[in-house]
1. Hey, among the residues in the stretch 89-115 that are away from the ligand (no atom under 11 Å from the Cβ) and assigned to a loop (DSSP other than H, G, I, E, B), which one's nearest to A197 (Cα to Cα)?
2. What's the number of the condition M182 fails, among (1) within 17 Å of P105 (Cβ to Cβ); (2) within 12 Å of the ligand (Cβ to nearest atom); (3) surrounded by fewer than 19 Cβ atoms within 10 Å (Cβ to Cβ)?
3. Within the stretch 50-61, is even one residue within 12 Å of the ligand (Cβ to nearest atom) and either more than 15 Å from G222 (Cα to Cα) or touching a strand residue (DSSP E or B) at 6+ places or on another chain (Cβ under 6 Å) (or both)?
4. In the stretch 30-82, what residues are of a type in the set (S, T, Y) and farther than 20 Å from R4 by Cβ?
5. Do we find a residue being more than 22 Å from E207 (Cβ to Cβ) and not in a helix (DSSP H, G or I) anywhere in the stretch 79-88?
6. Restricting the search to the stretch 226-282, which residues are assigned to a helix (DSSP H, G or I), in contact with a strand residue (DSSP E or B) (Cβ under 8 Å, 6 or more places away or on another chain) and either of a type outside the set (V, I, T) or surrounded by 23 or more Cβ atoms within 10 Å (Cβ to Cβ) (or both)?
7. For I199, work out the one condition from (1) out of contact with any Asp or Glu (no Cβ under 7 Å at 6 or more places or on another chain); (2) more than 13 Å from the ligand (Cβ to nearest atom); (3) of a type outside the set (S, T, N, Q); (4) assigned to a strand (DSSP E or B) it doesn't fulfil.
8. In the list G344, G322, which residue meets the criterion of being crowded, with 22+ Cβ neighbours inside 10 Å, of a type outside the set (F, W, Y) and part of a loop (DSSP other than H, G, I, E, B)?
Amino acid sequence: MAPRAEHYDREKSFPYPIVERLAELGFLGIPIPEEYGGIGADTVSYVLAVEELSRGDASVGITVAAHTSLGTLPFLYFGTEGQKQEYIPRLAAGEMLWSFGLTEPQAGSDAGNTQTRAELRDGEWVINGTKAFITNSGTRISGGVTITAVTGQMPDGRREITNLIVPTGAPGYSIARDYEKMGWRASDTHELAFVDAHIPEANVLGERGQGLRQFLQILDGGRISVAALSVGLAQACYDASALYARERVQFGKPIADFEAIRFMLAEMATEIELARTMTYKAAWLKDRGRDFRLAAAMAKLNAGEVATRCANRAVQIHGGYGIMEEFPVARYWRDTKIGEIGEGTNQIQMLVISRLLGI
Ligand SMILES: Cc1cc2nc3c(=O)[nH]c(=O)nc-3n(C[C@H](O)[C@H](O)[C@H](O)COP(=O)(O)OP(=O)(O)OC[C@H]3O[C@@H](n4cnc5c(N)ncnc54)[C@H](O)[C@@H]3O)c2cc1C
């Protein structure tokens with residue numbers, strides 16, 4: 001994967017051959033039980049895979065992470081048995097990708113402020129609204145998207161939010177513009193438009209009115225995989241920098257012989273070790289059925305910051321060559337920043353952490 005990452009990034013093209021091969025190897029169904037066609041591995045194994053894939057190519061890492069954590073696991077956690085049978089085996093086998101549409105132009109961090117509406121008419125949901133920045137929604141193997149929509153009012157007056165399953169090709173559902181992204185450029189991100197889009201009444205994920213609770217739970221788990229992605233990227237920054245520092249000669253010796261450079265590498269390695277340990281701990285807690293929310297938010301916040309610091313140092317160690325796209329660290333630098341924004345910004349992680357600490 002790694003040698004081809006530069007090509008896909010430059011061309012901004014989705015790495016179909018790599019995703020197809022990953023599907024054959026079972027990478028698109030790692031934490032999915034074998035009875036639904038997955039590998040049946042635990043969360044620790046899944047984050048190890050996301051970390052290592054992201055070390056080679058963060059666009060591939062996010063493709064697998066979004067498909068698994070945001071696309072497939074919601075069916076496993078909340079779907080009816082019929083929905084599980086219908087969707088999960090094909091998703092775990094990588095026959096199709098699935099996405100989760102939460103973000104909207106006016107509802108980013110404030111994800112509960114969904115403006116997309118759906119109403120029941122003649123046994124069908126009729127959906128109107130727009131979703132923004134949706135990963136894996138517009139590839140030629142995208143099977144559909146699960147979206148949050150306002151479907152009415154709760155008895156206590158709050159808005160009722162429901163998750164709806166919208167297959168690609170549903171009438172009135174269109175995959176709108178692609179984005180010109182700074183990083184994760186080979187991953188697929190689209191705006192989605194729903195104009196009187198029709199889906200069957202049965203396409204409610206699990207129970208009607210459970211959308212808010214469901215998406216909060218989805219995000220808790222998703223954070224661990226985005227933390228793993230950042231750890232993988234940070235490691236890639238270290239790998240490239242350690243190699244370069246041994247090879248680049250200035251003042252008659254490898255720059256690794258200068259303490260200033262060695263210390264940067266030592267700091268990177270130390271911070272990466274901590275970020276990795278926090279990420280595995282969150283995964284381990286999840287595997288044991290323990291409350292992992294605080295650990296996941298902390299791991300994601302820390303790993304995102306560590307990755308951007310490591311990318312900064314990596315470019316610094318490469319000097320002017322670090323600015324040139326022919327060296328991978330330029331791409332790592334562009335890729336790392338999204339880890340501080342996607343699936344909840346750093347500020348939102350701090351909100352979650354302070355709430356869970358009872359502050
Ligand atoms: C490449 C990419 C892929 C994505 N994939 C998906 C996807 O598959 N599905 C999906 O649903 N979404 C996806 N997203 C959306 C992502 O989750 C949002 O971008 C993110 O949650 C932030 O929302 P926003 O961009 O609207 O920023 P805003 O919410 O407008 O935030 C702007 C700034 O204000 C800060 N801020 C906002 N509220 C507060 C507050 N209460 N306190 C302190 N600071 C605050 C934020 O931290 C940030 O710094 C993706 C985004 C990107 C960039």
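1. This residue is Q115.
2. Checking M182 against (1) within 17 Å of P105 (Cβ to Cβ); (2) within 12 Å of the ligand (Cβ to nearest atom); (3) surrounded by fewer than 19 Cβ atoms within 10 Å (Cβ to Cβ), the one that fails is (1).
3. So far as the stretch 50-61 goes, yes, one or more of its residues are within 12 Å of the ligand (Cβ to nearest atom) and either more than 15 Å from G222 (Cα to Cα) or touching a strand residue (DSSP E or B) at 6+ places or on another chain (Cβ under 6 Å) (or both).
4. Those that are of a type in the set (S, T, Y) and farther than 20 Å from R4 by Cβ: Y36, T43, S45, Y46, T68, S69, T72, Y77, T80.
5. No, every residue in the stretch 79-88 fails to be more than 22 Å from E207 (Cβ to Cβ) and not in a helix (DSSP H, G or I).
6. Residues satisfying the conditions are A245, R246, E247.
7. The one condition I199 does not meet is (1).
8. None of the other options fit; the residue is G344.
The values are calculated or read from the model by the stated rules, or taken from the named source; none is laboratory data. Note that the structure is a prediction, hence the values are computed from the model and not measured. Virtual Cβ from ideal backbone geometry, glycine too; neighbours counted across all protein chains shown.
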